[in-house]
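Input: a single structure, listed below in structure tokens.
The values are calculated or read from the model by the stated rules, or taken from the named source; none is laboratory data. For clarity, every value in this text was computed on a predicted model and none was experimentally measured. All Cβ positions, glycine included, derive from the backbone under ideal geometry; neighbour counts span all protein chains shown.
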Amino acid sequence: MIIPLEHILMFSTLLFAIGVYGTLVRRNLIGILISIELILNAVNVNLVAFSRTTALSPDTGQIFTFFVIALAAAAAAVGLAIVLALYRTSRTIFTD
Amino acid sequence: MDQLFVGIKTALLSMLGTFMPDWLVTVHSVLISATGIAIFGPLTMMYLTLIERKVVARMQNRLGPNRVGKFGLLQPVADGIKMLTKEDIVPYKADKLLHLLAPITIVVPALMVFAVLPFGRGMIAADLNVGILYFLAVSSTTTISIFIAGWGSHNKFALLGAMRAVAQMVSYEVPMVLSLVPALMIAGSLSTGAIVAAQAERWFAFTPWGFVAFIIFYLCGVAEVNRSPFDLAEAESEIVAGFHTEYSGMKFALFYMAEFMNTFTISALAATIFLGGWHGPFLPSWFWFLLKTYILIFVMIWFRGTLPRLRIDQLMGLAWKFLLPMALVNVVVAGFWYMSSGVIRTFGSIACLVVAFMVLTALNRPYVPEKREYTFAEN
Amino acid sequence: MFYGSGVLRGMLVTLKNMIQSYFCKPEDGGLFTSQYPEKRLPEKERFRNFPFLIYDKEPENLRCVACDICAKECPPKCIYIIRDFDTDGKPLKKPKIFDIDLTVCMNCGICEEACPFDAIYMDHEFEISGRERQGSLLYHKDDLLKSNEHFHKIRPTDAAAIDTRRQEDEAKKQAVKKEPPKPPSTAS
Amino acid sequence: MTELTFIAQLGIYAMMFVVLAAAVAAVTLRNLFHCALALAGVLIGVAGMYLAMHAEFLAMVQILIYVGAVMTLIIFAIMLTQRLGAGDVAQNNKQSLFGAVAAAGFVVTLGGILWKTPWPVKEEAVTSSFSASDLGESLMTTYVLPFEIIAIVLFAVLIGAIVVARKDAPKGAEQ
């Protein structure tokens, strides 16, 4: 790990904040889904960083990230299915 | 002769090492192999276009390009110049950024994949221990660039072609990955170098499960590259030129280059994993690798010369209803093959595979519409 | 037979085709494409392209008598003839201007059949190109004139038949000139 | 070799900056397709971050699953719900100011805490090499239960997504 842990943590908090901002502010449902992906990625970066440097054993961190990625893909799939169903009934996917 | 290129590289490095700090030498070693690939990639692409046109021509009893250069050898150069000088039209309401981004994002993965191919003994640019996964990940990113091409050129046919291409690539990626699993399982590692080493005394294609996996991987590879019987995405007769309808000049050349480089890399990988990479009796190792790859490319061109295009439902049906179950059965058979030994090992697995093949072909009766009788109007 | 046999049979056909194209002679399955500019296929005799005017021995005594039949018969009307007049205004049996617009001519050969004086025949020469549309492809009389030997060279059998017929007419005309025609017999 | 590490550090910081810029773009761009591509940029950048932390297997899986599949999903959704070349309509709603303030406040507080806490960085954790085979082995031994459960979850999601998004809903369902 060439760069100190704090820098990565700052990076992931910033990424997390952008994701939160996106979910709060976006009008478009798919925009919100995209921001949720950002949040999940920020979490993954944190997990891998911890598993790489601190007491968290390497495999738990990475396995956890595996499952987060898998579940994020699942969430995106169901979310977009719902968006499509919504679009078909109400002809628009704007939240307001 | 075998270590020719490795020798050249080490000589160059030692020569550089005399007046350079050692960290710069490591940077240069990466640079040398990178330039090697950067030269080899487009070169093979250029001469693949010529080989393809010549071979398909010979199959149709005609000569193929022989005007430019001695046997048409300068034809790729002529094509290149033509592509460079052609006017580059961007459709009026198209998205300029996307229109430009698509060819770039399709060529970059095509070139990146070269890094993991074992050209010869000790001639792998980057022997990652996740080699095959790297190959799959990078080749799966091309779906996005096809989308960008379809969406960016603001044209119905392009969008239709892009949708078809992506549907095809996604549905052929699953059996492709599954057909690789037995080979990785037996070789015990993801890195291409280790897989080639594992095939030292017996190529995977000669084992029963290996042969089936090779066929499945090769078919899925042809579909991934949108070539010959599976080229529904750029079917000239139906949707003009598919996702690269609105491209001309240099951008179209990039699409063309990406397609041919993918053809080369897919055949190279099939040769690496199933045909024993650079293993071969007495010819230099890199020669064996290129020979096997070009034989597989010849088979792809041979497909193009003979087979008609598949309908979209046949295309999807083949992927999901035939190749995928076959690949799953193959994984099980490979496990059985690995565990058992002696006579039952080969005959058991062959019997299993043949039964599975019969069952699947029985299930997949192609849909033949019932014969319609036409009654003519009595006057 | 089994699932993929049709595909394999098809592929064997193309492979056989490809191997034959290298090793067999043109007649049994090999390549028969001839490299056009270097090697030309022999032209068939009845091949017809744009018409040309025939002259015997010198370009002056050309056979055409400017009777204008071919201009009338020509479907796309691409022949343009003006009769020649001598100094004191008497019409001569020779065209002063004889133009054919090759961009319009569809080399149908009707003028060849219509011409009673065997003056105009279809040529074998097809590599004709011009830089601009009107100018160079409008052939004038002197471009169209070609000798009888050329006619013999390109269409030997027709030329020979036509020449024998012309000699017989010539002989019959001489014979008629030598002894005057008998007065129509009063009895019949 | 310190120059190489310096260049590597530079590279990682540059990558971080690019990922953050792409993330901001993904959230604020008006044209939805552009922001989907910005998300793809973020995902590839994050995969690069994993590579920087010597988690190659994870980086490749991230690219394969996220960039290969999830992005295709998102782009398909965008294509199906937006007319080709529809005008770029304002993408963020009225409370964009409050959202920004909330996010900024969050960053300041959490960042401050993170910066001050002395993380128990252990040296041998940093240098321990952890290859794909150890990952596979631990996946199959200690984490085999979650592995099976995730299989069932994904299977359920597969069917659920198809049922929800079906165009011709079955007779009974359409009240």
Please list, ordered by first then second residue, the pairs with beta carbon atoms under 7 Å, 6 or more apart or interchain, first in the range B:169-183 and hydroxyl-bearing (Ser, Thr, Tyr), second surrounded by fewer than 19 Cβ atoms within 10 Å (Cβ to Cβ).
-> B:171/B:316; B:171/B:320
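Residue by residue, here is whether (1) within 14 Å of chain D (Cβ to nearest Cβ); (2) under 16 Å from residue D:64 (Cα atoms); (3) surrounded by fewer than 24 Cβ atoms within 10 Å (Cβ to Cβ) holds:
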site: B:106; (1), (2), (3): yes, yes, no
site: B:111; (1), (2), (3): no, no, yes
site: B:118; (1), (2), (3): no, no, no
site: B:121; (1), (2), (3): no, no, yes
site: B:127; (1), (2), (3): yes, no, yes
Residue list for the range B:302-343, restricted to those being loosely packed, with under 14 Cβ neighbours inside 10 Å, within 14 Å of chain C (Cβ to nearest Cβ) and assigned to a helix (DSSP H, G or I) = B:321
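Tally the residues that are more than 7 Å from chain D (Cβ to nearest Cβ) and touching a residue at least 40 places away in the same chain (Cβ under 8 Å), restricting the search to the range A:1-32.
Start the filter on the range A:1-32 by keeping residues that are more than 7 Å from chain D (Cβ to nearest Cβ), which leaves A:4, A:7-8, A:12, A:16, A:19, A:23, A:29, A:32.
Filter once more, keeping what is touching a residue at least 40 places away in the same chain (Cβ under 8 Å): A:8, A:29, A:32.
Here the count works out to 3.
Among what's in the range C:49-92 and is among the polar types (S, T, N, Q) and exposed (fewer than 11 other Cβ atoms within 10 Å of the Cβ), pick the residue that is nearest to the chain's Cα centre (by Cα).
Our first condition is that a residue be among the polar types (S, T, N, Q); within the range C:49-92, this holds for C:49, C:61, C:87.
When the remaining residues are screened for being exposed (fewer than 11 other Cβ atoms within 10 Å of the Cβ), the result is C:61, C:87.
On the way: C:61: 20, C:87: 34 Å.
Among them, the one singled out is C:61.
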Inter-residue pairs, beta-carbon under 6 Å, first among the charged types (D, E, K, R) and in the range B:211-234, second part of a loop (DSSP other than H, G, I, E, B), 6+ apart | B:234/B:241
(1) at pLDDT below 85; (2) touching an Asp or Glu at 6+ places or on another chain (Cβ under 8 Å) all hold for residue A:4 apart from (2)
Test each condition in (1) more than 10 Å from chain D (Cβ to nearest Cβ); (2) surrounded by fewer than 18 Cβ atoms within 10 Å (Cβ to Cβ); (3) part of a helix (DSSP H, G or I) for residue B:87 and report the one that comes out false.
-> (3)
Is it the case that some residue within the range B:48-65 is hydrophobic (A, V, I, L, M, F, W, C) and over 30 Å from residue C:24 (Cα atoms)?
-> no
Residues in the range C:19-39: is at least one buried (at least 16 other Cβ atoms within 10 Å of the Cβ), outside any loop (DSSP other than H, G, I, E, B) and without any contact (Cβ under 8 Å) to a residue 12 or more places away in the chain?
-> yes
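For every residue, the table says whether it meets (1) among the aromatic types (Phe, Trp, Tyr); (2) modelled with pLDDT under 85.
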position: D:52; (1), (2): no, no
position: D:65; (1), (2): no, no
position: D:70; (1), (2): no, no
position: D:86; (1), (2): no, yes
position: D:99; (1), (2): no, yes
position: D:106; (1), (2): yes, no
position: D:110; (1), (2): no, no
Is one or more of the residues making up the range A:31-48 under 25 Å from residue D:6 (Cβ atoms), touching a Gly at 6+ places or on another chain (Cβ under 8 Å) and at pLDDT 85 or above?
-> yes
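In the range C:137-185, which residues are among the basic types (Lys, Arg) and either at pLDDT 90 or above or over 16 Å from the mean Cα position of the chain (by Cα) (or both)? First the steps, then the outcome.
So the first thing to find is which residues in the range C:137-185 are among the basic types (Lys, Arg), and the list is C:141, C:146, C:153, C:155, C:165-166, C:172-173, C:177-178, C:182.
Answer for the range C:137-185, where residues must be among the basic types (Lys, Arg) and either at pLDDT 90 or above or over 16 Å from the mean Cα position of the chain (by Cα) (or both): C:165, C:166, C:172, C:173, C:177, C:178, C:182.
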Please enumerate the residues belonging to the range D:3-18 that are more than 7 Å from every other protein chain (Cβ to nearest Cβ) and of a type in the set (A, V, I, L, M, F, W, C).
-> D:6, D:7, D:10, D:14, D:15, D:17, D:18
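Among the residues in the range B:62-72, are any within 28 Å of residue B:299 (Cα to Cα) and outside any loop (DSSP other than H, G, I, E, B)? Before you say what the answer is, go through the steps one by one.
So in the range B:62-72, the residues within 28 Å of residue B:299 (Cα to Cα) come out as B:62-72.
So of that shortlist, the ones also outside any loop (DSSP other than H, G, I, E, B) come out as none.
So far as the range B:62-72 goes, no, none of its residues is within 28 Å of residue B:299 (Cα to Cα) and outside any loop (DSSP other than H, G, I, E, B).
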Scan the range B:130-146 residue by residue and report those that are touching a Phe, Trp or Tyr at 6+ places or on another chain (Cβ under 8 Å) and part of a helix (DSSP H, G or I).
-> B:133, B:146
Given the conditions (1) in contact with a helix residue (DSSP H, G or I) (Cβ under 8 Å, 6 or more places away or on another chain); (2) free of Cβ contacts under 8 Å to residues at least 60 places away in the same chain; (3) of a type in the set (A, V, I, L, M, F, W, C), which single one is not true for residue B:344?
-> (1)
Could you give me the residue pairs with C-beta distances under 7 Å whose first residue belongs to the range C:151-165 and is touching a residue at least 24 places away in the same chain (Cβ under 8 Å), whose second residue is surrounded by 15 or more Cβ atoms within 10 Å (Cβ to Cβ) and in a helix (DSSP H, G or I) wherever it lies, and which are 6+ apart or on separate chains?
-> C:151/C:159
Across the range B:176-195, what is the number of residues that are buried (at least 23 other Cβ atoms within 10 Å of the Cβ) and part of a helix (DSSP H, G or I)?
-> 7
Tell me which residues, restricted to the range D:148-175, are more than 19 Å from residue A:71 (Cβ to Cβ) and at pLDDT 90 or above.
-> none
